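The values are calculated or read from the model by the stated rules, or taken from the named source; none is laboratory data. These numbers were taken from a predicted model, which means no experiment stands behind them. With ideal geometry, Cβ positions are generated from the backbone for all residues, glycine too; neighbour counts draw on all protein chains shown.
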Amino acid sequence: MNIPAEASTDRPAQDAAREEAALALFWAVVHAPDGATSFCRRCATRRRFHRISRRRAYACDSCGAHVYPASATPFAGSPVPLAAWLDAVVTVLESPGKARANQVARALGVDYRRAWRMTRRIGEILRAGGEEAELLRRLARRWTDQGHSRTDRTPDPGSPEDRIRVAACRIMAERGIEATRISDIAREAGVSNASIHYYFRSKDEALLAAFRWAGDQLHATLQRLRDEHLGTVERVRRLLELSIPSDQGTFEEYLLWLEVWGRVRRHPAFLDECVRMSRRWADAVLEVFGAGVEDGTLTPVAPLHEVCERYVAISESLALRATLGYSDMSAPTARRVLARFTAEQLGVPVRRLFPDRTWLNGHSPDGE
């Protein structure tokens, strides 16, 4: 593993240094080959730029316009560190057609669900070819040449049951439960048909297990959000990221919700699980907003419980419409609506909650 010896004993410092190196790499490859000068759209000429602390951005020395190096890449808006994305790209490129989510999860130290999404996204880009695929290859080559990549940890195969649940999530979301065969799930999970029947007696049981697993993963993410030392503003941003399907993985999980809802009236177990997951989500929203009220950052326009109920209701409605493909409610549109609604309900200017406006416009200010 090519990690500087002086950094290996301090994991937080090491991770921060790798993330800074990843941002600098994106800046150099996408915007500024010399590492210092780039075209400033506001000045309409090339200018020197400097790094902005606490943001993944650089600023023009002349006019102050911001450039977000990752905004013109497939990773724009992702909460995953850029260094982790680069590690994942290297892993996939080094094992073409063979890289599994469990391998990426083990190498990067991220949870299986996130690794699955990352692997799927990178694979889609590479298979499509074109400029985005070439950009990933250039970034991966430079990242490896600089000695930053982490791709040689021992792969963790994960439990067969977890692989089955993840496979069921994807296949059933993509095709619907009626069109899904046990053999499809087995092939995706890399297990035998007999293994599926060992764990689940029917496709409905597999669907319920997949739904529970997805819910538990979301709950674990919410737990990490609670445990991280983040300010109120950042917690609200993270909550919004989880509220609207922002990538293929979360989109498929919302499709899974639709499959479950179609069985609620006939299967009480599905109803119980829906209620449990909704309660978990509402409790997480209440905790985030409540902490903001306590520290004085948020001033809700109505009683806190009512504001939380409004947020849950509108976020679920927007997510559903975006997932179903309403022509007037794309995911970016849903995020903009929810961001403005949230700012209004919490009594704070939207620019305070989202100073870089990535949630409002889908990119940085003035198209930078």
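Of note:
- Per-region count, region 295-314, residues in contact (Cβ under 8 Å) with a residue 40 or more places away in the chain, of a type in the set (Val, Ile, Thr) and either closer than 26 Å to His229 by Cα or not in a loop (DSSP other than H, G, I, E, B) (or both): 2
- In a residue-by-residue description of region 348-358, the property of being buried (at least 16 other Cβ atoms within 10 Å of the Cβ), modelled with pLDDT of 90 or more and in contact with a helix residue (DSSP H, G or I) (Cβ under 6 Å, 6 or more places away or on another chain) applies to no position.
- Gly296 being modelled with pLDDT of 75 or more and on the phi > 0 side of the Ramachandran plot: yes
- Enumeration of residues in region 268-279 that are surrounded by fewer than 16 Cβ atoms within 10 Å (Cβ to Cβ) and not acidic (Asp, Glu): Pro268, Ala269, Leu271, Val275, Arg276, Ser278, Arg279
- Scan of region 319-330 for residues that are surrounded by fewer than 19 Cβ atoms within 10 Å (Cβ to Cβ) and either in contact with a Leu (Cβ under 6 Å, 6 or more places away or on another chain) or in contact (Cβ under 8 Å) with a residue 40 or more places away in the chain (or both), ordered by number: Leu320, Leu324
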